[in-house]
Amino acid sequence: MTRTRFTAAAAGAILTAAVLLSGCSGSNGDSGTSGGAAAVPEQADGGVSKGDVATDGKAPVPAPQAQPTVTRAIIKTGTLTVEDPDVDAKRQDAITIVASLRGQVASEDTGSDADGKITRANLVLKVPTASYETAIQRLSGLGKRTAIHQESSDVTEAVVDVESRISSQRASLQRMRTLLAKANTIGEIVSVETELTRREADLEALLAKQKALSLQTELATLSLVLAEPGKAPVEQKKDRGFLAGLKGGWDAFTATFFALATALGAVLPFLIAFALIAVPLWRYRGRLRRTPASVSAGPPTQPDAS
């Protein structure tokens with residue numbers, strides 16, 4: 001009986017000690033978590049969220065966001081010169097090539113000889129910008145390419161600026177329409193309507209500019225010159241320096257001299273006619289001034305003899 005009580009007491013002491021030890025270890029673990037670095041939240045799949053990591057108790061650092069992509073707006077222009085004996089046939093082939101690339105002929109200037117045979121053709125072509133290089137490659141195969149010149153200009157900033165101004169102008173128009181609905185007097189209505197009309201005109205101008213930029217960037221301009229061998233126009237380089245300035249000054253002087261001479265020749269007949277009429281009148285006026293006033297007074301009176 002005594003042994004049974006001793007065993008029960010020993011078991012109770014062991015159970016109490018185990019409970020106390022487990023409580024201490026739990027408190028130590030919680031304090032270590034709260035006193036150290038902040039807890040790192042986990043994602044649903046058990047990984048660490050990169051955008052919510054915090055150190056030393058500071059606020060979580062947001063993850064960097066991706067920058068918006070901007071589509072570049074490029075205006076492409078070029079000039080291509082091709083020589084071939086049959087200019088008329090190559091002209092038709094060029095039109096067919098442009099049509100296959102969803103382009104069009106903007107303007108055309110042709111020249112022919114005395115027999116009516118086309119010896120020169122200048123075509124201004126509009127092709128999609130994406131097909132610009134393909135157009136040059138195919139058109140160069142029409143004959144012997146003698147000259148090519150290409151230019152490109154970036155108008156991305158202008159396109160973005162116009163889009164931003166259009167958005168602001170539309171918001172401004174909406175505010176003006178709200179003010180017009182709240183206007184009470186005739187003066188307020190007239191003032192708001194005047195401002196509304198002006199801003200609508202500004203918006204239309206911006207939309208027209210946006211359309212023009214869109215057409216210039218969507219369609220590239222290519223000038224094609226077709227000519228017979230040895231008859232293609234040669235582009236002359238512009239002279240620079242002292243001699244070029246002297247030549248330009250002499251050309252300006254001669255042009256001014258001939259312009260003045262032409263004007264003088266046009267006015268000279270009128271000056272002669274005016275002189276033939278004005279000079280006799282001037283002389284006749286001088287004679288009238290020299291005539292004595294006594295001529296009109298009559299003979300002098302005789303004295304009385306008596």
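Brief remarks on what is shown
- FRET efficiency for the pair Thr96 and Val124, taken as 1/(1 + (r/R0)^6) with r the Cβ-Cβ distance and R0 = 22 Å, rounds to 0.85.
- Equivalent-ellipsoid semi-axes of segment 137-187, from the Cα gyration tensor, Å, largest first: 54, 12, 8
- Lys231 paired with Glu193, simple spin-label distance in nm, labels 7 Å along Cα-to-beta-carbon: 6.5
- Remark: the Asp202-Ile277 segment gains 21.0 nm on full extension, using 0.36 nm per residue and subtracting the alpha carbon distance.
- Each residue, Gln210 and Ser152, gets one label point 7 Å from its Cα in the Cβ direction; the gap between the two is 2.6 nm.
- Extension gain, Leu246 back to Ala181 (0.36 nm per residue minus Cα-Cα distance, nm): 16.6 nm
- Cα-only Debye scattering, segment 157-216: base-10 log of I(q)/I(0) at q = 0.17, 0.22, 0.24 Å⁻¹: -0.60, -0.81, -0.89
- Packing-based ranking, highest mean first, of 84-90, 261-267 given that Cβ atoms within 10 Å are counted: 84-90, 261-267
- Here the label points at Glu218 and Phe270, each 7 Å from Cα along the C-beta direction, are separated by 5.4 nm in the simple model.
- A full extension of the chain between Ala255 and Asp115 corresponds to an added length of 46.6 nm, given 0.36 nm per residue minus the alpha carbon distance.
We did not get these values from a lab; they are worked out from the coordinates using the rules stated. The structure displayed is predicted, hence computed values, not measured ones. Counting neighbours? That spans all protein chains shown, and the Cβs are built from the backbone with ideal geometry, glycine included.
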